[in-house]
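The values are calculated or read from the model by the stated rules, or taken from the named source; none is laboratory data. None of these values were measured; they are calculated from a predicted model. Quick reminder, even Gly has a Cβ in these numbers, built from the backbone with ideal geometry, and neighbours come from all protein chains shown.
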Amino acid sequence: MNQRITMSTIELKKRQDSFDEVNLGLTWAQVKLEADRCLQCKLQPCVSGCPVSIDIPGFIKQLSEKNVDGALQTILKSNPLPAICGRVCPQETQCEAQCVYAKTGQPIAIGHLERFVGDHGNFTSVPKSTSKHQVAVIGAGPAGMACAMLLAQNGVDVTIYDTWDKMGGVLYYGIPEFRLPQAVIDKEVKRLLSMGITFKRNMIVGVSVTLEQLFQQGHQAIFIASGAGLPVLLDIKNAHAVGVFSANEYLTRINVFQAHQPTHTTPLFQGKRVLVIGGGNVAIDAARAALRESGDVTIVYRRSMEAMPARQEEVVHALEEGVKIRPYLMPLEVVSDEDGYVKAMIFQPTQVIENNGTKEVVVDKAQAPVVIETDMVLMAIGTRPNKLLEHYHDVIKTDAHGCIVVDDTMQSTMANVYAGGDAVLGAATVIMALAHGQKAAYHILDAINNTTNL
């Protein structure tokens, strides 16, 4: 059978006012049918499309043989977060895009299978071996967790420091439960901690404890995975009007603080005519969350709908649920009333032109500006690394965007301080952050096992 399986979703009428997970997962019968489709290609093109090089044919073969626990062990050799990645990673542009069946539009549903393994596989923790090596990881997001897992698997004593009281980073504060339930994050974190990793919460490295103090405490290397949680805001007139928020702040208030609940002591500011500026996954997440809060939601994007960088599946879900998308519009100005509250936005129509082989967005001067009434605006135009370690700028080099500069070994310009994930890449995907954490861990292991380097 060459027909790809389709994952079921909850009923549409239940999705519009519920934060329950939309995708329901596969049944065992569906998993078996899909796993049996895999050709077990000798060249394994799917593995070449995976940033962390999971043995995809290997775990799928184990699924075909009904060995779910074995499949989990296979995935965990490369990826500490299968249940999470199976839900949020863009397999359609990575591993599945390289599948030989992709030519027919029916690639193996690798992400769906990975999710099943993460949800249903049983993990047996291995007693932690004593080690003379200690490494500090700053940031409990995807990159930090990947680095910590690989180090722990190799007997290193790892301590993760994070400003939040829970592990997960952007997974925890940035992705709504209708796409990634927090119970799934908690399960993956529990498995990591069972490897003997220590988690120190509510710690702002650079403030609560310095890098120098971490070295003094016996850590031989430090991995900075502090993410890119600083939102970028538009530099336009009245951008600071009441009712204009970053989409990141909005999602954090919902995901972490449950401020959308009517009993919350500092309830969420919620408009009824919501504009979301941007076209990525954060924009889609914010729009779908606002819709569930009884908002009439429109996403405004400066390119075509097809050019939106958000996952196609999430765009489809948003449209199904009632989110509207208006392409080819560029923000010009926020219009506020006499009390300083947003009441409208002015946009300039755009067009995309070819210039030396690349597509550029330019103002369409033939069209007049467009005014859209609104009482709430969510900006989702990107994020940058935060500035918690800014006072180390003399020793830790950053680029013009505030991203930490690293060499081929993921080491920064400060000796024995490594960095990866969004702190280096800017806002990127979960799987790319995992790849950075994995790569850094290998180089840290090389260094700490060669004492002449430390």
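Tabulated results
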read-out	value
Residue match in segment 148-165 (condition: free of Cβ contacts under 8 Å to residues at least 12 places away in the same chain, over 24 Å from Thr252 (Cα atoms) and surrounded by fewer than 24 Cβ atoms within 10 Å (Cβ to Cβ))	no
Top-ranked residue in segment 293-334 [being hydroxyl-bearing (Ser, Thr, Tyr) and farther than 22 Å from Glu360 by Cβ; ranked as surrounded by the most Cβ atoms within 10 Å (Cβ to Cβ)]	Thr298
Considering residues of segment 50-83 that are among the aliphatic types (A, V, I, L, M) and either outside the structural domain of Gln98 (by TED's automatic domain parsing) or touching a Leu at 6+ places or on another chain (Cβ under 8 Å) (or both) only, the residue surrounded by the fewest Cβ atoms within 10 Å (Cβ to Cβ)	Val52
Inter-residue pairs, beta-carbon under 7 Å, first charged (D, E, K, R) and in segment 66-91, second buried (at least 24 other Cβ atoms within 10 Å of the Cβ), 6+ apart	Arg87/Arg115
Some residue of segment 282-294 being charged (D, E, K, R), outside any helix (DSSP H, G or I) and touching a residue at least 12 places away in the same chain (Cβ under 8 Å)	yes
Test: residue in segment 31-49 that is assigned to a loop (DSSP other than H, G, I, E, B), within 26 Å of Ser194 (Cβ to Cβ) and either over 27 Å from the mean Cα position of the chain (by Cα) or not assigned by TED's automatic domain parsing to the domain that holds Arg191 (or both)	no
Unique match (being at pLDDT 95 or above, under 22 Å from Ala241 (Cβ atoms) and of a type in the set (Asp, Glu)) among Glu293, Glu321, Glu333, Glu314	Glu333
Residue selected from segment 347-369 under the condition among the hydrophobic types (A, V, I, L, M, F, W, C) and within 31 Å of the chain's Cα centre (by Cα), by the criterion surrounded by the most Cβ atoms within 10 Å (Cβ to Cβ)	Phe347
Counted residues, segment 358-384 - those being within 17 Å of Arg303 (Cβ to Cβ) and either outside any strand (DSSP E or B) or modelled with pLDDT under 95 (or both)	11
Residues satisfying the stated conditions in segment 7-38, i.e. closer than 17 Å to Leu113 by Cα and at pLDDT below 95	none
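Each row is one residue, and each column tells you yes or no for (1) modelled with pLDDT of 95 or more; (2) among the basic types (Lys, Arg); (3) more than 22 Å from Gly382 (Cβ to Cβ).
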{"position": "Ser412", "(1), (2), (3)": "yes, no, yes"}
{"position": "Tyr418", "(1), (2), (3)": "yes, no, yes"}
{"position": "Ala428", "(1), (2), (3)": "no, no, no"}
{"position": "His436", "(1), (2), (3)": "yes, no, no"}
{"position": "Ala441", "(1), (2), (3)": "yes, no, yes"}
{"position": "Ile448", "(1), (2), (3)": "no, no, yes"}
{"position": "Leu454", "(1), (2), (3)": "no, no, yes"}
